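J.: Take this structure first; my questions come after.
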Amino acid sequence: MLARVFWAFALCTILTACSGYRQPPTAFHEVLTQPYRLDSSDRLRILVFGQDDLSNTYTIDQAGYISFPLIGNVAARGKTQQELAHEIARKLRQGFLRAPDVSVEVNTYRPIFVMGEVQNAGQYNYVPGMTVQNAIATAGGFSSRAQQADVDITRQINGEILNGRVPISDPLRPGDTIYVRERFF
């Protein structure tokens with residue numbers, strides 16, 4: 001009896017290793033419930049109440065900064081929209097405005113990338129609430145050779161790049177890279 005249990009466990013271990021399945025780390029899904037963190041290529045609409053010359057659309061550059069009038073470069077990468085608004089207001093209070101009222105909203109999120117066995121691999125705009133299945137549909141759908149049950153996603157969380165295999169019903173984050181694998185049969 002013990003030998004059968006051992007062999008069953010060994011067989012399961014071997015089959016799991018052969019499948020190439022990589023369960024995503026816990027942080028992979030935890031980030032979905034946390035406030036959105038800004039990063040390069042996000043396009044922001046920043047409003048300074050009563051200051052039409054300062055209110056505009058700004059893009060976060062590759063270094064993670066926006067160039068804002070009067071105060072220069074402001075670090076935006078890794079901050080929430082509210083944190084960035086407070087930082088801009090703090091800098092404007094230093095000799096430019098008495099009580100600035102600043103709001104930040106994401107105008108356009110950084111793109112997602114769809115690769116592998118899809119009709120039109122490439123870069124696509126992220127839409128809030130987007131799932132893997134929506135992204136694949138945006139890329140023209142699966143190719144005839146596509147593995148359609150799950151996909152591999154590469155996601156950057158707090159500067160760390162994580163990989164995981166998820167079902168196509170999983171939600172996406174801006175900046176995700178989706179890879180649709182080829183099926184064997």
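Nothing in this text is a laboratory measurement; each read-out follows from the coordinates by a stated rule. Here the structure is a predicted model, which is why all the values come from computation and not from measurement. All Cβ positions, even for glycine, are placed from backbone atoms using ideal geometry, and neighbour counts span all protein chains on display.
J.: Can you give the Rg/Rh ratio of the stretch 43-108, where Rg is from the C-alpha atoms and Rh is the Kirkwood radius?
T.: Result: Rg/Rh = 0.92.
J.: With n ≥ 4 as the cut-off for DSSP H runs, can you work out [θ] at 222 nm for the chain, using -39500 (n - 2.57) per run divided by the number of residues, rounded to the nearest 500? Show your work: numbers first, answer last.
T.: Numbers: 4 runs with 42 residues, N = 185.
Estimated from H runs of four or more residues: -7000 deg cm²/dmol.
J.: Report the label-to-label distance for Ala149 and Tyr65 in nanometres (one decimal), using points 7 Å from each Cα along the Cα→Cβ vector.
T.: About 5.0 nm separates the two model spin labels.
J.: On to the next question. Using alpha-carbon pairs under 8 Å, 6+ residues apart, how would you state the relative contact order of the chain in percent?
T.: Here the relative contact order equals 20 percent.
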